[in-house]
């Protein structure tokens, strides 16, 4: 049997003393695409935040193994080196830091953790241009300050660009589809699909069905009240689409 | 038009700069850079008189203190005649047990109409033991002027740090990138920008 990429058992987490996740279980195997759907406030974004180690979120109970390792013993950067990637719902702006320097530092640190030398300047730039083209962004974006002055759609595409640069084992797309027009949605979806492999997995967190028309999930979960209340196949998406979350 | 350029560098092994007093006549401009590197304690005193119409002044600078330095920077800009312009942007970082003070005074004389005088002093505190004292002072005796000053003291943005770390940038490296981006604008347009930029990066790695 394949080792799970992600194995969550009875996860409880609080934000500012308030319990948001209340015993969440989730297992993801290599190659799988899971969708997590749920109403606002269900704990969807909290899950992504807890998995990546965002400050302000406290885990009070439960275990999470990421590729067999206890994720809570790893710093946010160690999780990234091990192949975890979260596409932020609201990507952060970093004034004064260019995309080139940002992604160069990220990639070099990841390669170092893998015992590899940083890419040579020319090879890095080639990769950078290739991956920008992959999400249909002009090479000029590399010179710009990280996400500063980017439109909503550009920010989301830039997240997928970063994902393409870092080639994660597990990608979590947190509401990547919100606020995107159809063209940007398609670019994001094509990007995610092209990055799929037998060894890598994806979690799509969303409360719309739209992105799931482009990327068909293997497993669909409904997250409500801090727990997974229903797990099924893609047919669940249609049921939610017609009936909403109330019946779950 | 004549531009007088002065670069005041405080760094270990260099003599502390003497107080600087300059004046700019009609149409002249002055460009002053103040670069304070770690591990030096000193006072920087700058006084500029704008004495001819249309004179302009730029002061850009940074201070980076991460040990137990004691640094005081004083600027005094006197707009004595109409339609001169001055702009001061000084950003600073204090960590360790450093004590840093910035006193920026702008005086606009009664007949110095059409004056434009701006000053900003933004600070980052890296430790609880470091102290930053910032005192902007505006004395305006003329009408029809545009003046502003702003001083802030804050901390490194936690979400920016987390965002970088979530991509694999190590915490230390993320901090260096943030502080560098905060301080390096003071080097813009300098002839020896590359040299000082390298010094700044080197200093940041030691903090």
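Structure notes:
- Among the residues of segment A:107-129, none qualifies, meaning not one is surrounded by 19 or more Cβ atoms within 10 Å (Cβ to Cβ), away from every other protein chain (no Cβ under 14 Å) and not in a helix (DSSP H, G or I).
- Test for residue A:30: is it touching a strand residue (DSSP E or B) at 6+ places or on another chain (Cβ under 8 Å), at pLDDT below 95 and in a loop (DSSP other than H, G, I, E, B): no
- Every residue from segment A:52-82 that is more than 10 Å from chain B (Cβ to nearest Cβ), crowded, with 21+ Cβ neighbours inside 10 Å and either out of contact with any helix residue (DSSP H, G or I) (no Cβ under 8 Å at 6 or more places or on another chain) or without any contact (Cβ under 8 Å) to a residue 40 or more places away in the chain (or both): A:71
- Qualifying residue in segment B:126-134 (condition: assigned to a loop (DSSP other than H, G, I, E, B) and within 14 Å of chain A (Cβ to nearest Cβ)): no
- Condition met for residue A:96 (more than 30 Å from residue A:238 (Cβ to Cβ), within 14 Å of the chain's Cα centre (by Cα) and either within 14 Å of another protein chain (Cβ to nearest Cβ) or touching a residue at least 40 places away in the same chain (Cβ under 8 Å) (or both)): no
Per-residue answers, yes or no, for (1) in contact (Cβ under 8 Å) with a residue 12 or more places away in the chain; (2) in contact with a helix residue (DSSP H, G or I) (Cβ under 7 Å, 6 or more places away or on another chain); (3) part of a strand (DSSP E or B):
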position: B:78; (1), (2), (3): yes, no, yes
position: B:83; (1), (2), (3): yes, no, no
position: B:87; (1), (2), (3): yes, no, yes
position: B:93; (1), (2), (3): yes, yes, yes
position: B:102; (1), (2), (3): yes, no, yes
position: B:105; (1), (2), (3): yes, no, yes
position: B:110; (1), (2), (3): yes, no, no
position: B:113; (1), (2), (3): yes, no, no
position: B:117; (1), (2), (3): yes, no, yes
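- All positions within segment B:38-64 that are in contact with a strand residue (DSSP E or B) (Cβ under 6 Å, 6 or more places away or on another chain) and assigned to a loop (DSSP other than H, G, I, E, B): B:38, B:40, B:41, B:51, B:55
- For segment A:37-51, the criterion of being crowded, with 22+ Cβ neighbours inside 10 Å, part of a strand (DSSP E or B) and at negative phi is satisfied by at least one residue.
- Checked against the criterion of being more than 14 Å from every other protein chain (Cβ to nearest Cβ) and buried (at least 24 other Cβ atoms within 10 Å of the Cβ), the candidates A:21, A:29 yield just one match: A:21.
- Residues of segment B:157-192 satisfying the condition of being under 18 Å from residue B:207 (Cα atoms), in contact with a strand residue (DSSP E or B) (Cβ under 6 Å, 6 or more places away or on another chain) and more than 8 Å from chain A (Cβ to nearest Cβ): B:179, B:183
- Selected residue (only one of A:150, A:141 is assigned to a loop (DSSP other than H, G, I, E, B), closer than 26 Å to residue A:184 by Cβ and over 16 Å from the mean Cα position of the chain (by Cα)): A:150
- Here residue B:67 meets each of (1) surrounded by fewer than 21 Cβ atoms within 10 Å (Cβ to Cβ); (2) part of a strand (DSSP E or B) with one exception, condition (2).
- Enumeration of residues in segment A:200-216 that are surrounded by fewer than 22 Cβ atoms within 10 Å (Cβ to Cβ) and either at pLDDT 95 or above or closer than 13 Å to residue A:157 by Cα (or both): A:200
The values are calculated or read from the model by the stated rules, or taken from the named source; none is laboratory data. Keep in mind it's a predicted model, so treat the numbers as computed, not measured. Cβ: placed from backbone, ideal geometry, glycine included. Neighbour counts: every protein chain shown.
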